1. In this model, which of LYS105/LYS199; LYS105/LYS385; LYS188/LYS389; LYS357/LYS381 are farther than 21 Å apart at the alpha-carbon?
2. If you rank GLU239, GLU399 by how much accessible surface each has, with a 1.4 Å probe, what is the order from largest down?
3. Ratio to report: Rg/Rh of segment 74-158, with Cα atoms as the point set and Rh obtained by the Kirkwood method; give two decimals.
4. Heavy atoms of the protein only, probe of 1.4 Å, neighbouring chains included. What is the accessible area of ARG366 in Å², nearest 10?
5. Whole number in Å², please: accessible area per residue of segment 324-381, 1.4 Å probe, ligands, DNA and RNA not counted.
6. Whenever you get a sec, compute what percent of the accessible area on segment 112-156 sits on carbon and sulfur atoms (1.4 Å probe).
7. Hey, what number do you get for the chain at 222 nm if only DSSP H runs of n ≥ 4 count, each worth -39500 (n - 2.57), divided across all residues, to the nearest 500?
8. Counting only the heavy atoms of the protein chains, how much of LEU66 is accessible to a 1.4 Å probe, in Å² to the nearest 10?
Amino acid sequence: MAVVVAAARFWGPSRGLGQAALLALRRPGARGLARSHPHRQQQQQFSSLEDKPQFPGASAEFIDKLEFIQPNVISGIPIYRVMDRQGQIINPSEDPQLPQEQVLKFYKSMTLLNTMDRILYESQRQGRISFYMTNYGEEGTHVGSAAALDNTDLVFGQYREAGVLMYRDYPLELFMAQCYGNVSDPGKGRQMPVHYGCKERHFVTISSPLATQIPQAVGAAYAAKRANANRVVICYFGEGAASEGDAHAGFNFAATLECPIIFFCRNNGYAISTPTSEQYRGDGIAARGPGYGLISIRVDGNDVFAVYNATKEARRRAVAENQPFLIEAMTYRIGHHSTSDDSSAYRSVDEVNYWDKQDHPISRLRRYLLGRGWWDDEQEKAWRKQSRKRVMEAFEQAERKLKPNPNLLFSDVYQEMPVQLRKQQESLSRHLQTYGEHYPLDHFEK
C-alpha cells in the first residue's frame with residue numbers, strides 16, 4: 001500500500017494508477033492522500049527572506065544576487081612570530097620563557113645538524129655515499145616542533161626532517177650508518193641515504209614516494225584516538241607534497257574522523273625546481289585548512305620559538321579535543337634539493353645568499369643567546385670544533401664498517417620465504433660463486 005500511495009503522490013491518477021488503487025485509497029481505515037493533507041497543513045510556512053538552507057553538505061545562507069567567490073577570499077594569512085631577525089622578542093607575553101639549558105639544546109641540535117650536513121654533502125660529492133639531502137635553512141622547523149612534542153608522539157617525516165631525530169638524541173653513528181648502508185644500519189642497507197627510521201624514538205621510517213606518509217599518519221592518529229592513548233601524531237611534508245592526492249585524502253580523513261594529528265608543512269619556496277608561484281595560485285597551504293575543517297596557523301619557520309609555541313599549543317588541543325591541526329611554517333631551502341639537483345639552474349645566487357646571510361634560523365637564535373648572555377664567541381668557537389670532531393669520528397667509523405650480508409636482500413619481508421624469492425636467492429648465490437672475483441665481496445659481512 002505504501003508503494004501505491006507513493007505512486008499516487010508522484011504520478012497522480014492520470015498516469016495510470018487505476019481505479020482499483022483509487023478505490024483502495026478510499027476504503028475506511030486506508031492510509032490515503034486525504035489523510036496526508038492535515039499533516040501538510042501543519043508545516044510551518046517561511047517567507048523567502050526567512051527560509052534557511054537545509055542542505056546537509058554545507059553551512060551557509062541563501063543570497064539573491066549572483067556572485068562567484070574569488071580565489072583571494074582567504075588571503076594574506078598572517079605569519080606568527082616571536083623573535084625578529086635580530087633575535088629580539090617582539091611581544092614579551094609570547095616569549096615561551098624556556099630555560100637556558102633547553103634553548104642551548106635547540107642551538108646545539110641545529111648547529112650539529114648543519115655540521116653533519118656539510119660533511120655528508122661533501123662525502124657524496126667525493127663518491128663515498130650515493131646520495132644526500134641537506135637541511136640548510138630549515139633547522140628551526142625541525143627543532144622547534146620536535147621540542148614541543150612528547151617523546152612518545154609518533155613522527156611521520158618526509159625526507160628533510162633529520163633535525164627531529166637529532167633533537168631526540170639519535171646517535172650520529174646511526175645517521176652515518178644509514179647513509180653508508182653498513183652493518184650497523186638498522187635498515188640493513190636496503191634504503192637510500194637519509195631515509196632514517198627509529199622505533200625506539202617513535203620515528204617512522206621514511207619512504208621515497210612523495211606524500212604517502214600523510215594518509216598513513218592519519219591512520220596512526222585514528223588508532224591513537226581509539227586507544228585513548230593521550231598521544232599525537234605529527235606528519236611533516238613540503239608545499240610540493242601538498243599538491244599530491246594523498247594530501248587531500250589525508251586532510252579530509254583527519255577532519256571527518258576527528259584525529260589527533262598535526263600536519264606540519266615546511267613551505268620552503270621550492271618543490272625541487274618548481275617555485276611556489278607555479279605550484280599553486282591560492283594563499284599558500286594554511287589557506288586550504290578551513291576548507292577541510294582543519295584548525296590552521298601560519299608561522300615564521302625561521303623563528304624556532306614561534307614554531308615551538310604553535311606546535312605545543314596544537315599538540316595540547318589535538319589531544320584534548322581530538323582535532324586535526326595544520327601548521328604552515330614559512331622558511332627557505334638554502335641548499336640544493338638534493339645531490340641530484342643544481343639549484344643555480346632555476347634561482348639566483350643573490351636570492352640564496354639573502355636567506356643564508358640575512359634570515360637564517362641559526363643566526364637568529366644565536367643573536368638571542370648572545371643578547372641573554374647565554375653564549376659568547378669563545379663558546380661558539382669551542383662548540384664548532386667539538387661538533388665537527390664528533391661528526392668526523394662517526395663518519396670515519398661508518399666508512400670502516402663492512403656492508404651487510406647480500407642474503408639480507410631477501411629477508412624481513414615474508415615469515416616463510418616464498419618459492420620465487422628462494423629461487424632468486426639461489427640464483428644470486430650461484431652467480432657469486434661463479435663470478436665472485438668481479439665483486440668486492442670482502443667489503444661485505446659474511
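1. Values: LYS105/LYS199 23 Å; LYS105/LYS385 17 Å; LYS188/LYS389 26 Å; LYS357/LYS381 19 Å.
Violating the 21 Å Cα-Cα cut-off are LYS105/LYS199; LYS188/LYS389.
2. Details: GLU239 0, GLU399 70 Å².
Ranking GLU239, GLU399 by accessible area, largest first, yields GLU399, GLU239.
3. 1.05
4. 60
5. It amounts to 47 Å² per residue over segment 324-381.
6. Accessible surface attributable to carbon and sulfur in segment 112-156 totals 41 percent.
7. So the calculated ellipticity at 222 nm is -13500 deg cm²/dmol.
8. Counting only protein heavy atoms, the figure is 150 Å².
The values are calculated or read from the model by the stated rules, or taken from the named source; none is laboratory data. Since we're looking at a predicted model, the values are computed, not measured. All Cβ positions, glycine included, derive from the backbone under ideal geometry; neighbour counts span all protein chains shown. The protein model used for the area step is the full one, side chains on, heavy atoms only, and it has no ligands, DNA or RNA in it. Shrake-Rupley method; radii C 1.70, N 1.55, O 1.52, S 1.80 Å.
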